[in-house]
Each structure stands twice: as C-alpha cells, then as structure tokens.
Amino acid sequence: MKHYLELSEEVQAAKEQGKPVVALESTIISHGMPYPKNVETAREVEQIIREHGAVPATIAIMDGKIKIGLSDAELEDFAQAEGIAKVSRRDLAYLVATGQKGATTVAATMICAELSDIRTFVTGGIGGVHRGAETSMDISADLEELARTNVAVVCAGAKSILDLGLTMEYLETKGVPVIGYETDVLPAFYTQTSPFPVNVRADDSETVASTLKTKWDLDLAGGAVIANPIPQADAIPETEIAAVIDQALTEADTNGVTGKDVTPFLLAKVEELTGGKSLDANIALVKHNAHVGAEIAVKLAGLD
Ligand code: PSU
Ligand code: MN
C-alpha cells in the first residue's frame, strides 16, 4: 500500500523526527475558492501551521500517487488548473489508477491522512446533510468518513447551505464527537453560532488532544469534529448571510445542479452574491483553524 503514497521532503523529515504533521485538503483550493486567493490562502495556512510548531501536508492525487505534502509549484498547479476532479472516497482508486489529478475532499483527505498516520486535519467547513435530504438523499460522504476514519477535523462547523440540525443528528447516530472549541453551540461557518448545541465543549487544545488520544486508545474508531468558530471580527451577520444562502439554494434548484456539483455551485454563488465578503470570511476562518489545529497536533504528539 505504501508505494501509493509520496511524502514531500518536509513531511518525510517531520515523520522521521516525530514532529507533528497537519493534513490539509485540496478541494478547498481547486473547488472552494477562486484563483489567486486560493493559492495565497493555501500558502498562508501552511505558514501558520509551521509558525505554531507543526508541519503542513496538503494532500492531492497526481501521477498515480497520493501526494502527502505539495511543492509550491504543485500548489500553484492545483489552484490554476481547470477541470480537476473532486475526489471523495468512491473516486480515490480510479483517479490514482489512471494517473489523473484529483483534489481531495474532507472524506478523501481523511483517508489519505490516516494511510500516512496523520491524525489532525485542518479545513474550512465539512460537508453534511443537505436541506431537502429527506427527498434528495444528498448527504456528504464526509459524515460517513468521520464515522470510520481516525482523523480529527478542525473546521468552523458547517455552512447553513446545509441542514445543520440533521447534520448534527447524523453525527450523533454515527458516534462522531463534535467538540466545540470555546463554544457551546455548533458554529455555522460565517457566523459564530447556530441554534444547535455541540456534543461537548473544550476550552483548550490539551483537552481536545487528550480526548482524541483517549478515544483512539479505547479503540473507538472514527474521527471527530473540532468546531472552532470564525473570529467575531470576520463573521457575517446572520440575517445577511441567510438571505444570500436562500437565493443560492433557489438558483441551484432552478439550474438543476445535483451530486458533487452542488457544494461548489453554492460556494461560488454565495461568494458572488456577497461581493466577495464570504470569501474574506472563509479565508479568515481557515487561518484561525490552522492556528488551533497546529496547537492540537503539537499537544497530540506530546501525548504519544
Ligand atoms: N464546505 C466548505 N468549503 C469547501 C467544502 C465544503 O465550506 O471547500 C468542500 C470540502 O472539500 C468538502 C466538500 O469535503 O466540499 C463536500 O462536498 P460534498 O457536499 O459534495 O460532499
Ligand atoms: Mn452531495
């Protein structure tokens, strides 16, 4: 299996020295943000992780390999190239086997992180149960992955393009801890709060790290959501974002958007309708997650 993995020199060195490594996804780069802010953000996020004592590993598929850690030129390529496949669990083998480029979602990044023994993963938001899922059955594969793969995902909750209540129910059923980082309620990506209580609250990275270590020591398989609210200064007022999301959802419906295209369509539409304000918020929250995620990875490494 290991011959499918290709670690960057930086990640390889970190592994040999027992330094903490933080995984990062590539779908957020190729399908989640426009060029050039996508690559600028990717670089800044990697830098924040280094400044907090961990090593970043952006994960993507290319040349028949699962790349764990991308070079600057590879990051630039994933940020610019058109038509890169969005890779979730079911797509992974085909993209590797055919040597095509693929950007990994939360689900696929978790799989690849676990294969390379990385336990902490930082992103913006996870996929979830879509509104109307009772008829569309559109439930992100990210949730099933959280149920089975041993990687903690540091995020700013999930966007209210989703049904956050059903998303929390699904995670509860699947036994996935949702740890609120300095919060009692699930953050809703652009806003610090939502009406939905988290599972447990942690006010420091030690508590998160020891909870994760204990979970895995007890063979409680699966990941965890570490829900870290967007900084207040970067949040978008609830009423403002709610109207935009409603319009984006209507347009997705009118245009007949389905399957894996739904989330990228909604992200781009929300950005367009807020005149780029949502993108600024998105960048700010990912950087904040990088800071918190690196601290958790450092604490976890200390416990091992
Ligand atoms: N939510 C965001 N930004 C993103 C995504 C979700 O706020 O970039 C991406 C992630 O890669 C996530 C994927 O894993 O979308 C979920 O897609 P789907 O809903 O098709 O499972
Ligand atoms: Mn979907």
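Inside segment 269-304, can you point out the residues that are among the small types (Gly, Ala, Ser), at pLDDT below 95 and either within 11 Å of ligand 1 (Cβ to nearest atom) or open to solvent by 50 Å² or more (accessible area, probe 1.4 Å) (or both)?
Gly275
Could you list all residues from segment 229-257 that are within 19 Å of the chain's Cα centre (by Cα) and of a type in the set (Val, Ile, Thr)?
Matches in segment 229-257: Ile230 only.
Could you give every pair whose Cβ atoms fall below 6 Å, whose first residue belongs to segment 244-273 and is farther than 19 Å from Lys86 by Cα, and whose second residue is in a helix (DSSP H, G or I) and within 16 Å of ligand 2 (Cβ to nearest atom), counting only separations of at least 6 or pairs across chains?
If the second residue must be in a helix (DSSP H, G or I) and within 16 Å of ligand 2 (Cβ to nearest atom), the pairs left are Ala248/Leu266; Ala248/Lys269; Glu251/Lys269; Val270/Ala248.
Could you go through segment 191-213 and let me know if any residue there is within 11 Å of ligand 1 (Cβ to nearest atom) and open to solvent by less than 30 Å² (accessible area, probe 1.4 Å).
No, segment 191-213 contains no residue that is within 11 Å of ligand 1 (Cβ to nearest atom) and open to solvent by less than 30 Å² (accessible area, probe 1.4 Å).
Taking only segment 106-129 into account, find how many residues are within 7 Å of ligand 1 (Cβ to nearest atom) and open to solvent by 10 Å² or more (accessible area, probe 1.4 Å).
To start, the set of residues in segment 106-129 that are within 7 Å of ligand 1 (Cβ to nearest atom) comprises 106-107, 123-127.
Still in the list and also open to solvent by 10 Å² or more (accessible area, probe 1.4 Å): 125-127.
Residues in segment 106-129 being within 7 Å of ligand 1 (Cβ to nearest atom) and open to solvent by 10 Å² or more (accessible area, probe 1.4 Å): 3 in total.
Hey, does segment 84-93 have a residue that's surrounded by fewer than 20 Cβ atoms within 10 Å (Cβ to Cβ), aliphatic (A, V, I, L, M), modelled with pLDDT of 95 or more and more than 30 Å from Ile179 (Cβ to Cβ)?
Yes - at least one qualifying residue is present in segment 84-93.
I need the full set of residues from segment 261-279 which are closer than 23 Å to Phe121 by Cβ and not hydroxyl-bearing (Ser, Thr, Tyr), in order please.
Those that are closer than 23 Å to Phe121 by Cβ and not hydroxyl-bearing (Ser, Thr, Tyr): Val262, Pro264, Leu266, Leu267, Leu279.
Yes or no: segment 37-49 includes at least one residue that is among the basic types (Lys, Arg) and within 16 Å of ligand 1 (Cβ to nearest atom).
yes
Which fully enclosed helices (runs of 4 or more DSSP H) of segment 1-70 have 1 or more residues being surrounded by fewer than 15 Cβ atoms within 10 Å (Cβ to Cβ)?
Helices (runs of 4 or more DSSP H) meeting the threshold: 9-17, 37-51.
When you check Lys260 against the structure, is it within 16 Å of ligand 1 (Cβ to nearest atom), under 17 Å from the mean Cα position of the chain (by Cα) and open to solvent by 40 Å² or more (accessible area, probe 1.4 Å), yes or no? First the steps, then the outcome.
On the way: within 16 Å of ligand 1 (Cβ to nearest atom): yes; under 17 Å from the mean Cα position of the chain (by Cα): yes; open to solvent by 40 Å² or more (accessible area, probe 1.4 Å): yes.
Spelling it out, Lys260 is indeed within 16 Å of ligand 1 (Cβ to nearest atom), under 17 Å from the mean Cα position of the chain (by Cα) and open to solvent by 40 Å² or more (accessible area, probe 1.4 Å).
Let me spell it out: the conditions are (1) assigned to a strand (DSSP E or B); (2) more than 21 Å from the chain's Cα centre (by Cα), and Ile226 meets all of them except one. Which number is the exception?
Of the numbered conditions (1) assigned to a strand (DSSP E or B); (2) more than 21 Å from the chain's Cα centre (by Cα), the odd one out for Ile226 is (2).
Report, by residue number, each residue of segment 142-161 that is over 21 Å from Val21 (Cα atoms), in contact with a Lys or Arg (Cβ under 8 Å, 6 or more places away or on another chain) and either aromatic (Phe, Trp, Tyr) or open to solvent by less than 10 Å² (accessible area, probe 1.4 Å) (or both).
Across segment 142-161, the qualifying residues are Leu143, Ile161.
May I ask you to list pairs of residues, at least six apart or on different chains, whose Cβ atoms are under 8 Å apart, with the first in segment 49-67 being under 16 Å from Ile118 (Cβ atoms) and aliphatic (A, V, I, L, M) and the second being modelled with pLDDT under 95 and crowded, with 24+ Cβ neighbours inside 10 Å?
Close Cβ pairs satisfying both conditions: none exist.
Every residue in segment 229-239 that is open to solvent by less than 80 Å² (accessible area, probe 1.4 Å) and out of contact with any Leu (no Cβ under 7 Å at 6 or more places or on another chain), please.
Pro229, Pro231, Ala235, Ile236, Pro237
For Ile226, indicate whether it is touching a His at 6+ places or on another chain (Cβ under 8 Å) and either touching a residue at least 12 places away in the same chain (Cβ under 8 Å) or open to solvent by less than 60 Å² (accessible area, probe 1.4 Å) (or both).
So Ile226 fails the test.
The values are calculated or read from the model by the stated rules, or taken from the named source; none is laboratory data. All of these numbers come straight from a predicted model, not from anything done at the bench. When we count neighbours, we look across all protein chains shown, and the Cβ atoms used for this are built from the backbone with ideal geometry, even at glycine. For accessibility, only protein heavy atoms count, side chains too; no ligands or nucleic acids. Shrake-Rupley method; radii C 1.70, N 1.55, O 1.52, S 1.80 Å.
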